[in-house]
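Working notes, beginning with the structure itself.
Values in this text are rule-based calculations from the coordinates and carry no lab data. Treat the numbers as computed from the prediction; the structure is a model and nothing was measured. Virtual Cβ from ideal backbone geometry, glycine too; neighbours counted across all protein chains shown.
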Amino acid sequence: MALLALPLARASTESLTAVYARTFEKAAFGFAKMYLFCLFMRVLLSWFPGIDWNAQPWTFLRLITEPYLQIYRGILPPLFGQLDFTPLFGFLILQDVVEVMAPTYTMGLHVVDTSTKWTTSDVMCYLDGF
């Protein structure tokens with residue numbers, strides 16, 4: 001029972017708003033990285049002309065990446081009438097955004113001592129033993 005009290009004691013030192021903000025930040029970062037992977041697949045597969053974008057699973061990939069790419073279609077017209085660099089341009093922009101929003105723990109910079117901060121992984125470590 002004392003093992004369960006330790007994370008709760010740590011939780012009292014950190015506000016609930018900070019916990020929610022950190023959780024939202026991690027979720028947004030994870031979503032952005034997953035979307036970046038989908039965009040990478042779209043850029044990679046665009047070099048293969050034999051792919052039918054109306055067949056599954058390519059339809060799903062096209063449907064989730066097309067709204068983002070439509071933002072850049074008006075900015076960057078196709079080169080020579082056929083070469084569309086919009087997916088590559090959108091991928092590079094999103095990659096820069098992901099790098100900016102990357103938490104410090106992914107870059108290896110540990111400026112703040114996090115040993116006194118409560119995280120949900122602390123609770124999971126204690127609950128794994130039961």
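With R₀ set to 25 Å, the beta-carbon distance separating residue 83 from residue 56 gives a calculated FRET efficiency near 0.40.
Give the order of 34, 41 when sorted by the count of other beta carbons within 10 angstrom, beginning with the fewest.
Details: 34 10, 41 14.
Ascending Cβ contact count within 10 Å gives the list 34, 41.
Our coupling estimate for the range 32-39, obtained by passing each phi through the Karplus curve with A = 6.51, B = -1.76, C = 1.60 and θ = phi - 60°, is 5, 5, 5, 5, 5, 5, 4, 5 Hz, Gly and Pro reported as x.
Computed from phi, the 3J(HN,Hα) profile of the range 91-98 under the Karplus parametrisation 6.51, -1.76, 1.60 (θ = phi - 60°) reads 5, 5, 5, 5, 5, 5, 5, 5 Hz, with x in place of Gly and Pro.
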